[in-house]
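Enquirer: Just passing along the structure, written as structure tokens.
The values are calculated or read from the model by the stated rules, or taken from the named source; none is laboratory data. Fair warning: this is a prediction, and the values are worked out from it, not measured in the lab. We place every Cβ from the backbone using ideal geometry, glycine too, and count neighbours over all the protein chains shown.
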Amino acid sequence: MTPSSPMFILVIDDEEYIRLLIKKELSNNYRNIMTASSAKEGLSLFNKRDFDVILLDIRLPDGDGIELLDHFRSSQPDCEVIIITGHGDIESAVTAMKKGAYDYITKPFSLERLELVVDKAFQRVCLQRENRLLRQSQTPHRQPVLIGKSESIKRIRYLIQKVAPTDAPVLITGESGTGKEVVARLIHSHSLRGDKHLVIKNCGTLQKELMRSELFGYVKGAFTGAVQSQEGLIMLAQGGTLFLDEIGELPIDCQSALLRLLENRTYRRVGEKEERFANVRFIFATNRDLSEEVRVGRFNEALYHRVNVFNICIPPLRERTEDIPLLVEYFLTQFSFSNSTYSLSANIMQYLLNYSWPGNIRELRNVIERAVILAEDGIITDQCLPSEIVERRSLSDSNLRSDSLLPLQTVEKQYILRVLESVSGNKSKAAEILRISRKTLYRKLKEYLL
């Protein structure tokens, strides 16, 4: 068996020959074996790190193996314990199995049988751990759907088809709300890891002080408050995919740790000496221009080249308006109550096509959900749409029919205000959507006396 992560084994036996034999014959690149000659020594090692499998002699000079079993099982539920016993202690071994021991072997034992039992115990550990982590990490999601018929969407589908079967890291770029998470889910579902779990983390929520422990995990006692060992995002995603959204938000001090992980595919939990192998596929996303972030010193250049192996850029909705009717139809189906059907009154689609959608697909989704709630008799009228969408269209029509068109500065001011409103006044995000620098945005707001 070649496990996806190293196996850590603790052997507790007072016979030196047994300890040396097991360590010599069973140790390899995947099995890391530590030994103890007494209950006290075994407990000391157990308290310092987590073990996957424990080989426990039922009779020790300073303790009872049954009592140790209870402690091990209560402290590390994922750990499996195999009892080592003599022929005269079979009854005690059966008692141990009733208390949760995985199996028992009798002295003298066959190394082939011991190896088989250890590997099977570890398989059970991995299965139990994976089931638990799956429940903790993700709730069920519908199969992702990429809606659209534009050339850019066709191109994105093609890129997904090409990169999904590989393990290459992918960087998904685009404005907020364009559907970066949908693309990430599609890459995962079409990959060879599609039957495994997808773990999603927004880097903007990672605290600088806790980033390493949240990403890599930590062992009990690693720092104040670490009362028990905890797995990190890497272990949660083991065998599957880790999607790090908004990678541009990752603090610069934390980027070197991620770079090392990507380069070596190994990591250590905080407070742990042994390295673990990261069997994880990485997908990243950002609404920032990472090359510009590198230029101004906010993003590690080496990390940029590591994450930007395969780039998929999602254009904003205003650049693929031909997809809007299909998206509207999809959202109408999603938000329909019971067997109700909804239709658009005259000119509603034109309102939607003429709007600039600073919030992209996320904003369109919210608008349609609101419209369905407000619809009367299944008909969506302009009364069901937000005022900024209707007023923009009405203003455009009236001006085109008159001789007095609005000055460019007025149109620009109205649009900038609309973008700021859509991002709750966040000037950095507004500047990104407007494709101008924050300095330029501040200058324009000053000109408008805002």
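Enquirer: For the range 297-354, which fully contained helices (runs of 4 or more DSSP H) count at least 2 residues that are farther than 30 Å from V390 by Cα? Break it down stepwise before answering.
Expert: On the way: elements: 301-307, 324-335, 348-354.
Output list reads 301-307.
Enquirer: Could you give every pair whose Cβ atoms fall below 7 Å, whose first residue belongs to the range 373-390 and is at positive phi, and whose second residue is assigned to a loop (DSSP other than H, G, I, E, B), counting only separations of at least 6 or pairs across chains?
Expert: Here the result reads G378/S340; G378/T341; G378/Y342, each pair linking the range 373-390 to a residue that is assigned to a loop (DSSP other than H, G, I, E, B).
Enquirer: Still on this structure: What number goes with the only condition from (1) in contact (Cβ under 8 Å) with a residue 24 or more places away in the chain; (2) surrounded by fewer than 16 Cβ atoms within 10 Å (Cβ to Cβ) that I314 does not pass?
Expert: Here I314 meets the rest and fails (2).
Enquirer: Could you check, for the range 328-342, whether at least one of its residues is charged (D, E, K, R) and outside the structural domain of Y158 (by TED's automatic domain parsing)?
Expert: Yes, some residue in the range 328-342 is charged (D, E, K, R) and outside the structural domain of Y158 (by TED's automatic domain parsing).
Enquirer: If you take just the strands (runs of 3 or more DSSP E) that sit entirely in the range 53-116, which of them hold at least 3 residues that are without any contact (Cβ under 8 Å) to a residue 40 or more places away in the chain?
Expert: The qualifying strands (runs of 3 or more DSSP E) are 80-85, 103-106.
Enquirer: Which one is surrounded by the fewest Cβ atoms within 10 Å (Cβ to Cβ) among residues in the range 31-52 that are modelled with pLDDT of 90 or more and outside any helix (DSSP H, G or I)?
Expert: It comes out as S38.
Enquirer: Further, regarding this structure: Hey, could you check the range 13-27 for residues that are among the aliphatic types (A, V, I, L, M) and more than 38 Å from the chain's Cα centre (by Cα) and say which is nearest to R276 (Cα to Cα)?
Expert: If we take residues in the range 13-27 being among the aliphatic types (A, V, I, L, M) and more than 38 Å from the chain's Cα centre (by Cα), then I22 is nearest to R276 (Cα to Cα).
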